[in-house]
Amino acid sequence: MALLNRYLYGQTLRGILLAFAIIISLVVLVDYVELSRRFGSFDQVSSLTILRLTLFKMPSVIEQTLPFIVLFGVMWSMFGLNRRSELVAMRAAGFSAWRFATPPAITALIIGIFGAIALNPVAANLNAKFENERVNISRNVGASFRNSGESIWLREAVAEGSLVIHAKDAIARDAELLDVTFYYYQIDPEGVPVFLKRIDAGKAQLQTDHWQLTGAKETRPGALPERHGNIQLSSNLDPASLLEYLSAASSLSFWDLPGMIEQTRAAKLETKRYELQWNRLLALPLTLAAMALIGASFSFRLARLGGTFRMAATGGAIGFALYFAADLLQALGATDVLPSFLAVWSAPAFVFFAALARITIIEDG
(Lines give C-alpha, C1' and ligand atoms only; values in the text may rest on other atoms or scores of the structure.)
Protein backbone atom coordinates (compact mmCIF):
# COMPACT_ATOMS: atom_id res chain seq x y z
CA MET A 1 0.00 0.00 0.00
CA ALA A 2 2.82 2.40 0.88
CA LEU A 3 4.56 1.44 -2.39
CA LEU A 4 1.43 2.31 -4.38
CA ASN A 5 1.17 5.68 -2.66
CA ARG A 6 4.78 6.49 -3.47
CA TYR A 7 4.20 5.49 -7.08
CA LEU A 8 1.10 7.69 -7.42
CA TYR A 9 2.85 10.65 -5.79
CA GLY A 10 5.84 10.14 -8.08
CA GLN A 11 3.68 10.01 -11.22
CA THR A 12 1.78 13.12 -10.11
CA LEU A 13 4.95 15.05 -9.41
CA ARG A 14 6.47 13.99 -12.72
CA GLY A 15 3.40 15.20 -14.62
CA ILE A 16 3.42 18.54 -12.78
CA LEU A 17 7.14 19.03 -13.47
CA LEU A 18 6.59 18.30 -17.16
CA ALA A 19 3.70 20.77 -17.33
CA PHE A 20 5.85 23.28 -15.44
CA ALA A 21 8.68 22.97 -17.95
CA ILE A 22 6.41 23.35 -20.99
CA ILE A 23 4.24 26.22 -19.70
CA ILE A 24 7.07 28.24 -18.18
CA SER A 25 9.24 27.84 -21.29
CA LEU A 26 6.44 29.20 -23.48
CA VAL A 27 5.56 32.09 -21.15
CA VAL A 28 9.19 33.12 -20.59
CA LEU A 29 9.80 33.03 -24.36
CA VAL A 30 6.80 35.31 -24.91
CA ASP A 31 8.02 37.67 -22.16
CA TYR A 32 11.51 37.79 -23.69
CA VAL A 33 10.08 38.61 -27.12
CA GLU A 34 7.82 41.31 -25.64
CA LEU A 35 10.67 42.94 -23.71
CA SER A 36 12.88 42.73 -26.80
CA ARG A 37 10.19 44.49 -28.81
CA ARG A 38 9.91 47.21 -26.17
CA PHE A 39 13.58 47.83 -25.41
CA GLY A 40 15.54 46.03 -28.12
CA SER A 41 15.58 49.02 -30.45
CA PHE A 42 17.72 51.01 -27.98
CA ASP A 43 21.48 50.61 -28.33
CA GLN A 44 21.98 50.98 -24.56
CA VAL A 45 19.95 47.81 -23.87
CA SER A 46 21.74 44.54 -24.57
CA SER A 47 20.31 41.05 -24.99
CA LEU A 48 21.76 40.10 -21.60
CA THR A 49 19.86 42.96 -19.96
CA ILE A 50 16.61 41.79 -21.54
CA LEU A 51 17.35 38.23 -20.43
CA ARG A 52 17.99 39.48 -16.87
CA LEU A 53 14.68 41.33 -16.88
CA THR A 54 12.93 38.19 -18.10
CA LEU A 55 14.47 36.12 -15.30
CA PHE A 56 13.40 38.74 -12.76
CA LYS A 57 9.82 38.23 -13.92
CA MET A 58 9.98 34.43 -13.98
CA PRO A 59 9.03 33.73 -10.31
CA SER A 60 6.01 36.01 -10.70
CA VAL A 61 5.05 34.17 -13.88
CA ILE A 62 5.38 30.82 -12.10
CA GLU A 63 3.12 32.06 -9.31
CA GLN A 64 0.47 33.24 -11.76
CA THR A 65 0.49 30.02 -13.80
CA LEU A 66 0.57 27.55 -10.88
CA PRO A 67 -3.14 26.65 -11.23
CA PHE A 68 -2.68 25.65 -14.88
CA ILE A 69 0.60 23.87 -14.17
CA VAL A 70 -1.15 21.73 -11.54
CA LEU A 71 -4.26 21.16 -13.68
CA PHE A 72 -2.44 20.00 -16.81
CA GLY A 73 0.24 18.16 -14.82
CA VAL A 74 -2.34 16.07 -12.96
CA MET A 75 -4.30 15.39 -16.15
CA TRP A 76 -1.09 14.32 -17.91
CA SER A 77 -0.15 11.91 -15.13
CA MET A 78 -3.67 10.46 -14.75
CA PHE A 79 -4.17 10.00 -18.49
CA GLY A 80 -0.79 8.27 -18.61
CA LEU A 81 -1.88 5.82 -15.90
CA ASN A 82 -5.17 5.30 -17.73
CA ARG A 83 -3.55 4.77 -21.12
CA ARG A 84 -1.23 2.10 -19.67
CA SER A 85 -4.26 0.43 -18.01
CA GLU A 86 -2.70 0.93 -14.59
CA LEU A 87 -5.89 2.50 -13.23
CA VAL A 88 -7.83 -0.54 -14.45
CA ALA A 89 -5.43 -2.85 -12.63
CA MET A 90 -5.66 -0.79 -9.45
CA ARG A 91 -9.46 -0.79 -9.52
CA ALA A 92 -9.43 -4.53 -10.15
CA ALA A 93 -7.28 -4.86 -7.03
CA GLY A 94 -10.01 -3.12 -5.03
CA PHE A 95 -8.70 0.45 -4.88
CA SER A 96 -11.29 3.24 -5.18
CA ALA A 97 -11.21 6.43 -7.19
CA TRP A 98 -10.53 8.32 -3.95
CA ARG A 99 -7.23 6.46 -3.70
CA PHE A 100 -6.18 7.83 -7.10
CA ALA A 101 -7.41 11.38 -6.41
CA THR A 102 -5.82 11.81 -2.96
CA PRO A 103 -2.11 12.01 -4.04
CA PRO A 104 -2.75 14.75 -6.66
CA ALA A 105 -4.85 16.75 -4.18
CA ILE A 106 -2.28 16.51 -1.38
CA THR A 107 0.59 17.30 -3.78
CA ALA A 108 -1.29 20.36 -5.02
CA LEU A 109 -2.02 21.42 -1.44
CA ILE A 110 1.67 21.26 -0.55
CA ILE A 111 2.63 23.17 -3.70
CA GLY A 112 0.02 25.81 -2.81
CA ILE A 113 1.45 26.27 0.70
CA PHE A 114 4.96 26.50 -0.72
CA GLY A 115 3.78 28.96 -3.36
CA ALA A 116 2.20 31.26 -0.77
CA ILE A 117 4.89 31.30 1.93
CA ALA A 118 8.08 30.82 -0.14
CA LEU A 119 7.60 31.46 -3.86
CA ASN A 120 5.51 34.62 -3.39
CA PRO A 121 8.16 36.50 -1.31
CA VAL A 122 10.81 35.65 -3.90
CA ALA A 123 8.49 36.74 -6.73
CA ALA A 124 7.65 40.02 -4.95
CA ASN A 125 11.33 40.80 -4.35
CA LEU A 126 12.45 40.06 -7.91
CA ASN A 127 9.42 41.83 -9.38
CA ALA A 128 10.43 44.97 -7.46
CA LYS A 129 13.93 44.67 -8.96
CA PHE A 130 12.38 44.23 -12.40
CA GLU A 131 10.28 47.39 -11.99
CA ASN A 132 13.28 49.40 -10.73
CA GLU A 133 15.49 48.33 -13.60
CA ARG A 134 12.75 48.93 -16.15
CA VAL A 135 12.30 52.47 -14.80
CA ASN A 136 16.05 53.10 -14.99
CA ILE A 137 16.22 51.82 -18.55
CA SER A 138 13.23 53.92 -19.59
CA ARG A 139 14.80 57.03 -18.11
CA ASN A 140 18.24 56.36 -19.58
CA VAL A 141 16.91 55.89 -23.08
CA GLY A 142 14.55 58.85 -22.77
CA ALA A 143 11.36 56.79 -23.03
CA SER A 144 8.33 57.70 -21.00
CA PHE A 145 7.44 55.42 -18.15
CA ARG A 146 4.43 55.42 -15.89
CA ASN A 147 4.24 52.87 -13.11
CA SER A 148 0.55 52.49 -12.35
CA GLY A 149 -1.60 54.37 -14.84
CA GLU A 150 -4.24 54.73 -12.09
CA SER A 151 -5.62 57.83 -10.41
CA ILE A 152 -4.31 58.27 -6.86
CA TRP A 153 -5.99 59.99 -3.91
CA LEU A 154 -4.37 60.83 -0.56
CA ARG A 155 -5.25 63.05 2.36
CA GLU A 156 -3.52 64.43 5.44
CA ALA A 157 -4.05 66.95 8.20
CA VAL A 158 -2.09 70.21 7.83
CA ALA A 159 -1.87 73.55 9.66
CA GLU A 160 -4.40 75.12 7.26
CA GLY A 161 -6.94 72.37 7.94
CA SER A 162 -7.28 69.40 5.59
CA LEU A 163 -5.31 68.53 2.48
CA VAL A 164 -6.58 66.25 -0.28
CA ILE A 165 -4.01 65.16 -2.87
CA HIS A 166 -4.94 63.88 -6.31
CA ALA A 167 -2.39 62.53 -8.80
CA LYS A 168 -2.94 61.06 -12.23
CA ASP A 169 0.02 58.71 -11.87
CA ALA A 170 3.04 57.89 -9.74
CA ILE A 171 6.52 56.39 -9.74
CA ALA A 172 6.39 54.26 -6.61
CA ARG A 173 10.12 53.63 -6.19
CA ASP A 174 10.78 57.39 -5.86
CA ALA A 175 7.65 58.22 -3.79
CA GLU A 176 6.85 60.60 -6.64
CA LEU A 177 3.43 61.77 -7.82
CA LEU A 178 2.86 62.98 -11.39
CA ASP A 179 0.33 65.57 -12.63
CA VAL A 180 -0.63 66.24 -9.04
CA THR A 181 -3.09 68.67 -7.41
CA PHE A 182 -3.15 69.70 -3.73
CA TYR A 183 -6.59 70.81 -2.47
CA TYR A 184 -6.63 72.74 0.83
CA TYR A 185 -9.82 72.85 2.90
CA GLN A 186 -10.81 74.28 6.26
CA ILE A 187 -13.73 73.08 8.37
CA ASP A 188 -16.05 75.89 9.48
CA PRO A 189 -17.86 75.93 12.88
CA GLU A 190 -20.80 74.09 11.32
CA GLY A 191 -18.56 71.27 10.15
CA VAL A 192 -18.74 72.18 6.46
CA PRO A 193 -15.48 72.04 4.46
CA VAL A 194 -14.54 75.40 2.91
CA PHE A 195 -12.21 75.42 -0.07
CA LEU A 196 -9.08 77.56 0.52
CA LYS A 197 -6.76 76.99 -2.43
CA ARG A 198 -5.31 74.47 -4.83
CA ILE A 199 -1.76 73.93 -6.00
CA ASP A 200 -1.08 72.14 -9.28
CA ALA A 201 2.32 70.69 -10.13
CA GLY A 202 3.79 68.48 -12.80
CA LYS A 203 5.68 66.47 -10.20
CA ALA A 204 5.67 66.16 -6.40
CA GLN A 205 8.23 64.04 -4.56
CA LEU A 206 7.70 63.21 -0.90
CA GLN A 207 10.84 63.67 1.20
CA THR A 208 11.43 63.38 4.95
CA ASP A 209 9.12 66.18 6.10
CA HIS A 210 7.91 67.91 2.96
CA TRP A 211 6.71 67.65 -0.63
CA GLN A 212 9.12 68.94 -3.25
CA LEU A 213 6.99 70.37 -6.08
CA THR A 214 8.20 71.03 -9.62
CA GLY A 215 6.32 73.44 -11.89
CA ALA A 216 3.87 74.51 -9.17
CA LYS A 217 0.93 76.86 -9.75
CA GLU A 218 -1.30 78.16 -6.92
CA THR A 219 -4.94 79.15 -7.38
CA ARG A 220 -7.19 80.82 -4.77
CA PRO A 221 -10.90 81.66 -5.07
CA GLY A 222 -11.39 85.03 -6.79
CA ALA A 223 -7.71 85.47 -7.63
CA LEU A 224 -5.54 84.89 -10.68
CA PRO A 225 -3.27 81.80 -10.71
CA GLU A 226 0.19 82.43 -9.29
CA ARG A 227 3.18 80.48 -10.58
CA HIS A 228 5.81 79.40 -8.03
CA GLY A 229 8.06 77.04 -10.02
CA ASN A 230 9.78 74.76 -7.51
CA ILE A 231 8.44 74.98 -3.93
CA GLN A 232 8.23 72.90 -0.76
CA LEU A 233 5.08 72.02 1.18
CA SER A 234 5.30 70.63 4.70
CA SER A 235 3.97 67.09 5.17
CA ASN A 236 3.44 64.55 7.93
CA LEU A 237 3.44 61.57 5.57
CA ASP A 238 6.21 58.99 5.70
CA PRO A 239 7.99 58.40 2.35
CA ALA A 240 8.44 54.69 3.10
CA SER A 241 4.73 54.25 3.84
CA LEU A 242 3.80 56.18 0.69
CA LEU A 243 6.11 53.98 -1.38
CA GLU A 244 4.40 50.87 -0.02
CA TYR A 245 0.97 52.39 -0.60
CA LEU A 246 1.77 53.27 -4.20
CA SER A 247 3.22 49.85 -4.89
CA ALA A 248 0.94 47.25 -6.40
CA ALA A 249 -0.45 44.69 -3.96
CA SER A 250 1.35 41.97 -5.92
CA SER A 251 4.68 43.63 -5.09
CA LEU A 252 4.19 42.88 -1.38
CA SER A 253 5.06 39.44 -0.06
CA PHE A 254 2.86 37.06 1.90
CA TRP A 255 4.64 38.02 5.12
CA ASP A 256 4.40 41.79 4.55
CA LEU A 257 0.72 42.01 3.63
CA PRO A 258 -0.82 41.76 7.16
CA GLY A 259 1.35 44.61 8.46
CA MET A 260 0.62 46.68 5.35
CA ILE A 261 -3.12 46.18 5.82
CA GLU A 262 -2.89 47.39 9.42
CA GLN A 263 -0.73 50.40 8.53
CA THR A 264 -2.99 51.40 5.66
CA ARG A 265 -6.11 50.99 7.77
CA ALA A 266 -4.55 53.09 10.55
CA ALA A 267 -3.86 55.83 8.00
CA LYS A 268 -7.56 55.65 6.97
CA LEU A 269 -6.65 54.67 3.43
CA GLU A 270 -8.23 52.01 1.22
CA THR A 271 -7.07 48.47 2.08
CA LYS A 272 -9.24 46.48 -0.34
CA ARG A 273 -6.49 45.57 -2.83
CA TYR A 274 -4.23 44.31 -0.02
CA GLU A 275 -7.05 42.29 1.53
CA LEU A 276 -7.82 40.69 -1.83
CA GLN A 277 -4.17 39.78 -2.37
CA TRP A 278 -3.85 38.40 1.17
CA ASN A 279 -6.95 36.23 0.74
CA ARG A 280 -5.78 35.12 -2.71
CA LEU A 281 -2.53 33.82 -1.24
CA LEU A 282 -4.33 32.15 1.67
CA ALA A 283 -6.69 30.48 -0.82
CA LEU A 284 -3.88 29.31 -3.13
CA PRO A 285 -3.63 25.80 -1.59
CA LEU A 286 -7.41 25.33 -1.98
CA THR A 287 -7.27 26.67 -5.55
CA LEU A 288 -4.54 24.22 -6.54
CA ALA A 289 -6.28 21.34 -4.77
CA ALA A 290 -9.46 22.18 -6.69
CA MET A 291 -7.50 22.19 -9.96
CA ALA A 292 -5.91 18.84 -9.09
CA LEU A 293 -9.26 17.22 -8.28
CA ILE A 294 -10.84 18.59 -11.46
CA GLY A 295 -7.91 17.27 -13.50
CA ALA A 296 -8.12 13.85 -11.82
CA SER A 297 -11.92 13.56 -12.02
CA PHE A 298 -11.89 14.07 -15.79
CA SER A 299 -9.09 11.54 -16.32
CA PHE A 300 -10.71 8.39 -14.90
CA ARG A 301 -12.66 7.42 -18.02
CA LEU A 302 -11.23 4.23 -19.51
CA ALA A 303 -9.20 4.94 -22.63
CA ARG A 304 -10.70 1.99 -24.49
CA LEU A 305 -14.19 3.54 -24.15
CA GLY A 306 -13.14 6.58 -26.17
CA GLY A 307 -13.93 10.22 -25.50
CA THR A 308 -10.54 10.83 -23.88
CA PHE A 309 -9.94 14.06 -25.76
CA ARG A 310 -13.42 15.33 -24.88
CA MET A 311 -12.80 14.62 -21.20
CA ALA A 312 -9.44 16.39 -21.32
CA ALA A 313 -10.96 19.39 -23.10
CA THR A 314 -13.78 19.57 -20.55
CA GLY A 315 -11.38 19.46 -17.61
CA GLY A 316 -9.21 22.16 -19.18
CA ALA A 317 -12.25 24.33 -19.92
CA ILE A 318 -13.39 24.09 -16.31
CA GLY A 319 -9.91 25.09 -15.15
CA PHE A 320 -9.95 28.17 -17.38
CA ALA A 321 -13.52 28.95 -16.25
CA LEU A 322 -12.33 28.86 -12.62
CA TYR A 323 -9.50 31.25 -13.46
CA PHE A 324 -11.76 33.78 -15.18
CA ALA A 325 -14.51 33.42 -12.57
CA ALA A 326 -11.96 34.13 -9.84
CA ASP A 327 -10.82 37.25 -11.72
CA LEU A 328 -14.42 38.43 -12.13
CA LEU A 329 -15.26 37.88 -8.47
CA GLN A 330 -12.09 39.67 -7.37
CA ALA A 331 -13.05 42.60 -9.59
CA LEU A 332 -16.40 42.68 -7.81
CA GLY A 333 -14.55 42.54 -4.50
CA ALA A 334 -12.33 45.46 -5.53
CA THR A 335 -15.45 47.59 -6.12
CA ASP A 336 -16.97 46.60 -2.75
CA VAL A 337 -19.78 44.64 -4.38
CA LEU A 338 -18.56 41.53 -2.52
CA PRO A 339 -16.56 41.15 0.70
CA SER A 340 -12.89 40.29 0.10
CA PHE A 341 -13.21 36.84 1.68
CA LEU A 342 -16.23 35.88 -0.43
CA ALA A 343 -14.76 37.34 -3.62
CA VAL A 344 -11.61 35.21 -3.36
CA TRP A 345 -12.72 31.99 -1.69
CA SER A 346 -16.07 31.30 -3.37
CA ALA A 347 -14.79 30.21 -6.82
CA PRO A 348 -12.12 27.69 -5.67
CA ALA A 349 -14.43 26.37 -2.93
CA PHE A 350 -17.24 25.79 -5.45
CA VAL A 351 -14.96 23.98 -7.90
CA PHE A 352 -13.37 21.96 -5.09
CA PHE A 353 -16.71 20.62 -3.86
CA ALA A 354 -17.96 20.16 -7.42
CA ALA A 355 -14.91 17.97 -8.12
CA LEU A 356 -15.58 15.98 -4.93
CA ALA A 357 -19.17 15.49 -6.09
CA ARG A 358 -18.01 14.24 -9.51
CA ILE A 359 -15.57 11.77 -7.98
CA THR A 360 -18.35 10.56 -5.66
CA ILE A 361 -20.61 9.96 -8.66
CA ILE A 362 -17.83 8.15 -10.51
CA GLU A 363 -17.12 5.93 -7.52
CA ASP A 364 -20.59 5.30 -6.13
CA GLY A 365 -22.81 6.03 -9.11
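Structure notes:
- Total residues in the stretch 41-83, condition under 30 Å from SER299 (Cβ atoms) and either at pLDDT below 85 or surrounded by 16 or more Cβ atoms within 10 Å (Cβ to Cβ) (or both): 25
- Close pairs from the stretch 196-217: first more than 11 Å from SER235 (Cβ to Cβ) and not assigned by TED's automatic domain parsing to the domain that holds ASP179, partner surrounded by fewer than 15 Cβ atoms within 10 Å (Cβ to Cβ) and polar (S, T, N, Q), Cβ under 8 Å, at least 6 apart: none
- For the stretch 321-346, a residue qualifies if it is in contact (Cβ under 8 Å) with a residue 60 or more places away in the chain and out of contact with any Ser or Thr (no Cβ under 6 Å at 6 or more places or on another chain), and the qualifying residues are LEU322, TYR323, ALA334, ASP336, SER340, PHE341, ALA343, VAL344, TRP345.
The values are calculated or read from the model by the stated rules, or taken from the named source; none is laboratory data. Computed from a predicted model, the values in this text were never measured in an experiment. Note that we place each Cβ from the backbone using ideal geometry, even for glycine, and neighbour counts take in every protein chain shown.
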